[in-house]
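To start, the structure itself, in structure tokens.
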């Protein structure tokens with residue numbers, strides 16, 4: 001009997017580590033492959049979805065986007081897919097894993113690149129060219145494992161400083177949270193991350209908007225998979241993610257949801273369409289550090305909840 005209890009406990013722990021408890025009888029368990037950078041918004045969507053549909057459970061497989069093709073090839077399992085860059089979804093589509101994807105309509109949100117530095121910006125990083133200064137400790141993403149790494153190379157090559165920045169690199173991160181953590185703990189002087197990563201570190205970093213010509217706009221696609229066990233439920237969840245309500249959730253976590261942002265052939269911003277969101281993000285970082293700063297829709301947009309959450313943790317000392 002004791003062995004039986006022990007085995008059950010082990011199964012529960014393993015299932016929890018994998019992304020959720022085992023489905024109960026009659027529950028439909030959807031497996032959602034998603035880039036680790038989308039964790040905050042998708043976890044909130046999961047909570048809302050499971051309350052509305054108690055017979056469904058959404059379990060996420062979060063990882064660096066570069067790992068998904070091998071994972072899908074090996075397992076042939078999954079209901080939905082939302083990588084951190086459209087490039088990875090198109091790769092999966094070429095291999096026959098993606099079902100019913102329309103690039104014109106199936107983009108619920110966008111990543112935008114921003115500079116983050118440790119609090120106080122001790123290396124005085126204010127523009128892209130500053131990454132090439134001798135002695136600046138730069139964090140880069142490995143392009144084979146995380147989507148931001150592709151953009152590091154694109155941005156610095158466009159600025160003509162890729163070789164110098166590579167010499168300054170002191171970190172090659174396998175996933176984007178490594179870069180945020182490195183800035184938070186002052187292990188690097190600067191890096192470039194998505195706005196959605198920067199918003200998680202408001203109290204510990206400085207956020208520096210990138211000028212539009214170097215500001216990357218990254219389409220975030222969502223699609224159902226051909227290997228889906230629950231095809232109709234997967235389509236319904238996808239539709240919710242693409243709805244105004246779903247998009248608003250992304251906006252609360254510092255995604256840009258302005259439709260059809262003008263970009264050049266490489267995906268760099270062509271106008272000021274994202275300037276307001278960048279201003280909200282900078283103000284949000286200021287508001288967390290300064291309790292006297294007003295927190296309103298005019299100052300921080302839809303980031304009010306995130307600002308209040310981080311103010312609360314700062315007060316508690318956690």
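The values are calculated or read from the model by the stated rules, or taken from the named source; none is laboratory data. This structure is a prediction, so every number in the text was calculated from the model and none was measured. Glycine also receives a Cβ, built like all others from the backbone with ideal geometry; neighbour counts cover every protein chain displayed.
Quick notes on this structure:
- Strands (runs of 3 or more DSSP E) fully within the stretch 97-205 counting 2 or more residues that are in contact (Cβ under 8 Å) with a residue 60 or more places away in the chain and within 30 Å of residue 228 (Cβ to Cβ): 109-118
- Looking only at residues of the stretch 66-92 that are more than 28 Å from residue 266 (Cα to Cα) and more than 20 Å from the chain's Cα centre (by Cα), we find that the one that is surrounded by the most Cβ atoms within 10 Å (Cβ to Cβ) is 77.
- Residue match in the stretch 107-121 (condition: within 20 Å of residue 41 (Cβ to Cβ), surrounded by fewer than 22 Cβ atoms within 10 Å (Cβ to Cβ) and touching a strand residue (DSSP E or B) at 6+ places or on another chain (Cβ under 7 Å)): yes
- Qualifying positions in the stretch 93-106 - buried (at least 20 other Cβ atoms within 10 Å of the Cβ) and out of contact with any helix residue (DSSP H, G or I) (no Cβ under 6 Å at 6 or more places or on another chain): 106
- Of the set (1) more than 17 Å from residue 179 (Cβ to Cβ); (2) touching a helix residue (DSSP H, G or I) at 6+ places or on another chain (Cβ under 8 Å); (3) outside the structural domain of residue 248 (by the TED database), all apply to residue 129 but (2).
- Residue 225 meets the conditions (1) assigned by the TED database to the domain that holds residue 129; (2) buried (at least 18 other Cβ atoms within 10 Å of the Cβ); (3) at pLDDT 95 or above in every case but one. The failed one is (1).
- Residue 208, sole failed condition from (1) farther than 30 Å from residue 77 by Cβ; (2) touching a helix residue (DSSP H, G or I) at 6+ places or on another chain (Cβ under 7 Å): (2)
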